[in-house]
Structure formats: structure tokens, C-alpha cells
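The values are calculated or read from the model by the stated rules, or taken from the named source; none is laboratory data. These numbers were taken from a predicted model, which means no experiment stands behind them. Ideal geometry is used to build each Cβ from the backbone, glycine not excepted, and the neighbour counts take in all protein chains shown.
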Amino acid sequence: MSAPDPTPRPGPDALTMLSFALLGVLALLLLWPLLTGGAAPSPALVGGLLLLRLGLQVLRARRDERLRRPASWALDLLLIALIFGQLSRQPGG
């Protein structure tokens, strides 16, 4: 029986940690009104953070071929378009 490989697995890079941090911020923004009964966050803020995260995903994919997922990006863009479309239909927006 051979011993397992002693080399530790590398941790996530800075772009990956930033992407997870953006997800955490989005989760807190969306959960806070449910927990406290407060006002929902601005759809522009949520859409902007999702757009920023999509940009990070594309940057990560430029560095690592395995991270290229165009179908996922298309779905993200569709959700962002729906958020901004809803924002444009709000009165006073």
C-alpha cells in the first residue's frame, strides 16, 4: 500500500475568492429583507453585482480553459436582462 501524495492542493486564486465573495454579498442582500422584513435591494444593485460576477467568470475562463461555460454565461445574461427589464418597467425608473 503506497502513501498518499504529500503535496497539498493549491487554494483558490484571487479571482475565485472574489467571485465567491460577490456571491456572499448577493446572498446577504437578498436574504436580509426576508429575515428583517425590510425593503428589498435595488434591482440595479443586484443586476450590477451579477454583471460584475459574470465579468469575473469570463476573466477566470481566459486563464483556465476548463472554466469556459458559454451556456452558463448565456443563462446569467438572460437573468441579468430580465432584472434590468423589470427595473425599466418600475414607475419612476
Mind checking which residues of segment 25-41 are surrounded by 10 or more Cβ atoms within 10 Å (Cβ to Cβ) and without any contact (Cβ under 8 Å) to a residue 12 or more places away in the chain?
27, 28, 31, 32, 33, 40
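Got at least one residue in segment 3-10 being surrounded by 10 or more Cβ atoms within 10 Å (Cβ to Cβ) and either within 21 Å of residue 61 (Cβ to Cβ) or not small (Gly, Ala, Ser) (or both)? If you could, list the steps in order and put the result at the bottom.
Of segment 3-10, the ones surrounded by 10 or more Cβ atoms within 10 Å (Cβ to Cβ) are none.
No.
Conditions tested, residue by residue: (1) aromatic (Phe, Trp, Tyr); (2) over 19 Å from residue 84 (Cα atoms); (3) modelled with pLDDT of 90 or more.
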position	(1), (2), (3)
5	no, yes, no
8	no, yes, no
13	no, yes, no
17	no, yes, yes
26	no, no, yes
37	no, yes, yes
43	no, no, no
65	no, yes, no
